[in-house]
Amino acid sequence: MIGESEKADLKMEVKTTSTSKIAASVLIIINGVTLICCSALFAFSLWMIASPSTLSNAVQSAGTPAIKTLLGPEALTVQVGVATAAVAGFVFCISLMGLYGAVSRSQFLLFMYSTLMLLLLLLECALFYYFSSTLTEKGLLEQDGQWTHALRLVFACCDSDVTVKAERKPPWSCCGPAGYPDNCTSSQLYEKDCRQTITAWLHRYQTAIYASLAVLHIILSSCSLVRRRRSASLSHR
């Protein structure tokens, strides 16, 4: 007959196995979706590198007004394509590491994936802090190009110096997609000031954004370590 200690060990074994399967499922689903998104983004970047004009024509014929204006010919360059391909390839490799590690129970891949998730968390928080601090202190800068146009469209706002200096030709994004490329006039400007609007939005949601990033990366890192622990216990039998 099975003793009490053996029954307890059996229950613990079943619980550990179940937890490991759940952790593996989380890793497989999230990394699988990420791989698909990265593949699509990488294909888009290759198209941008190979033929920017063809991609621009496709965007202009099938995109929405906001997409058409943001992804105009001046934004679809070989340099942007290379940078996008590099980022997509980097994230693809990390996600592939997590997916394959969860399936194959590779202790090395799972450990590396867990470490990279924590490093990415620090990097993303640092980048978000840098950009949010710059927006709060300096507002939108014209040299940032399409980034400033995107923010104006998202927040439906315009820069205070543009609204004050009526003699200055306002950026097209201060009037929405209809202002592209040179149809924006002072009578059509958004009324809200971008710096105040973005600052208020950051004060409201900044903590939630940091918390969301932390929760996501910690969950993935923890699932990786749980799966790795189960793999280690099996290898020592």
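Normalised radius of gyration (Cα atoms, divided by 2.2 N^0.38 Å) for the stretch 71-209: 1.39. Backbone phi angles across the stretch 189-197, fed through the Karplus curve with coefficients 6.51, -1.76 and 1.60 (θ = phi - 60°), yield HN-Hα couplings of 5, 4, 7, 6, 7, 5, 4, 5, 5 Hz in residue order; Gly and Pro are listed as x. Each of Cys93 and Ala178 was given a label point 7 Å from its Cα along the Cα-to-Cβ line. The distance between the two points is 4.8 nm.
The phi torsions of the stretch 18-27, fed into the Karplus equation with coefficients 6.51, -1.76 and 1.60 and a -60° offset, translate into couplings of 5, 5, 5, 5, 5, 4, 5, 5, 4, 5 Hz, rounded to whole numbers, with Gly and Pro shown as x. All C-alpha pair distances within the stretch 24-65, sorted into 5 Å bins from zero, spread as 6, 21, 16, 18, 14, 10, 8, 6, 1 percent across the bins.
Distances between every pair of Cα atoms in the stretch 173-219, grouped in 5 Å steps from 0 to the bin holding the largest one, split as 5, 19, 15, 13, 13, 11, 11, 9, 5, 1 percent.
Relative to the current alpha-carbon distance between Thr19 and Ala126, full extension at 0.36 nm per residue lengthens the span by 35.3 nm. Inter-label distance, Ala86 to Phe111: 3.0 nm, where each label sits 7 Å from its Cα along the C-beta direction.
Read-outs throughout are calculated quantities, based only on the coordinates presented, and are distinct from any laboratory measurement. Every value quoted in this text rests on a predicted model; they were computed, and no experiment measured them. Don't worry about glycine lacking a Cβ; one is built from the backbone with ideal geometry, like all the others, and counts go over all protein chains shown.
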